[in-house]
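Read through the structure below, which is laid out as structure tokens, and then see the notes.
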Amino acid sequence: METLRLHHLAIQVHDLARAEAFYSDLLGLPVLKRWITGDGSPRATWLGLGGDGFLALERCESPGENDGWSDPLPGFYVLALEIPAGEREVWEAKLARAGHPKVRETAFTFYVRDPDGNRVGLSHHPWERP
């Protein structure tokens, strides 16, 4: 039997346009497809993750509350995207200027919150900073 690969990851978001701007305009994930409802309103945006996988941003009706770092309930914890080790400071500054400052970090990864409060990590593991 073949090893399973990531097909897609889906995140429910309150403001689809704002979430798309964060993931596409700020992080650079390419828009693959935009889905609309029967009445013509936006329903979802699919963004490329590299390879065959994609990130699906699915619009939901109510905003969530997510102020702490760890949630006591199981579920989505972090979306980690790979960056070159030498570009860490550039990414940190770019995200901070856009209103998404670093909220946590390790030797290999730093974390920000997306517009809905989801954790997003930018990681250069296993490569050390230059």
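The values are calculated or read from the model by the stated rules, or taken from the named source; none is laboratory data. Remember, predicted model here, so these are calculated numbers, not experimental data. Using ideal geometry, Cβ is built from the backbone for each residue, glycine included, and neighbour counts are taken over all protein chains shown. For accessibility, only protein heavy atoms count, side chains too; no ligands or nucleic acids. Shrake-Rupley method; radii C 1.70, N 1.55, O 1.52, S 1.80 Å.
Give me the net charge for the shell around Ala56: Cβ to Cβ below 12 angstrom, other residues only, Lys and Arg +1, Asp and Glu -1.
Details: positive: Lys33, Arg34, Arg43, Arg59; negative: Glu20, Glu58.
Charge balance in the 12 Å sphere: +2.
At a Förster distance of 30 Å, what's the computed FRET efficiency of Glu87 paired with Arg18, Cβ-Cβ distance as r, to 0.05?
Numbers: r = 25 Å, r/R0 = 0.82.
So the FRET efficiency works out to roughly 0.75.
Over the chain, with every protein chain in place, what whole percent of the accessible area is carbon and sulfur at 1.4 Å, could you tell me?
Working: 4470 of 8230 Å².
Carbon and sulfur atoms account for 54 percent of the accessible area of the chain.
For Leu27, Leu49, write out the residues from largest to smallest accessible area, computed with a 1.4 angstrom probe and no ligands counted. Don't jump to the answer; show the numbers that get you there.
Details: Leu27 20, Leu49 50 Å².
Result, largest first: Leu49, Leu27.
Looking only at the chain, where both bridge partners belong to it, what percent of the DSSP beta bridges are antiparallel (to the nearest 5)?
Details: 17 of 27 bridges.
Beta bridges within the chain, antiparallel portion: roughly 65 percent.
Taking the Cβ of Val13 as the centre, find all other residues whose Cβ is under 9 Å away and add up their charges (Lys, Arg: +1; Asp, Glu: -1). Show your work: numbers first, answer last.
Values: positive: Arg18, Arg59; negative: Asp15, Glu20, Glu58, Asp114, Asp116.
Combined, the nearby Lys, Arg, Asp and Glu give -3.
Over the heavy atoms of Trp127, what accessible area does a 1.4 Å probe trace out, to the nearest 10 Å²?
Estimated to the nearest 10 Å², Trp127 gives 140 Å².
With a 1.4 Å probe and all protein chains in place, put Tyr23, Tyr77 in order of accessible area, largest first.
Most to least solvent-accessible, the answer reads Tyr77, Tyr23.
For a quick check: with amide H placed at 1.01 Å from N, whose amide H comes under 5 Å from Arg104's, ignoring anything fewer than 5 positions away on the same chain?
For Arg104, whose amide H was placed from the backbone, the distant partners under 5 Å are Tyr111.
Could you pull the accessible area for Thr106 with a 1.4 Å probe, rounded to 10 Å²?
Near enough 70 Å² of accessible area.
How do Asp39, Asp116 rank by accessible surface area computed with a 1.4 Å probe, from largest to smallest? List each step's numbers first, then the result.
On the way: Asp39 125, Asp116 40 Å².
Largest to smallest exposure gives the sequence Asp39, Asp116.
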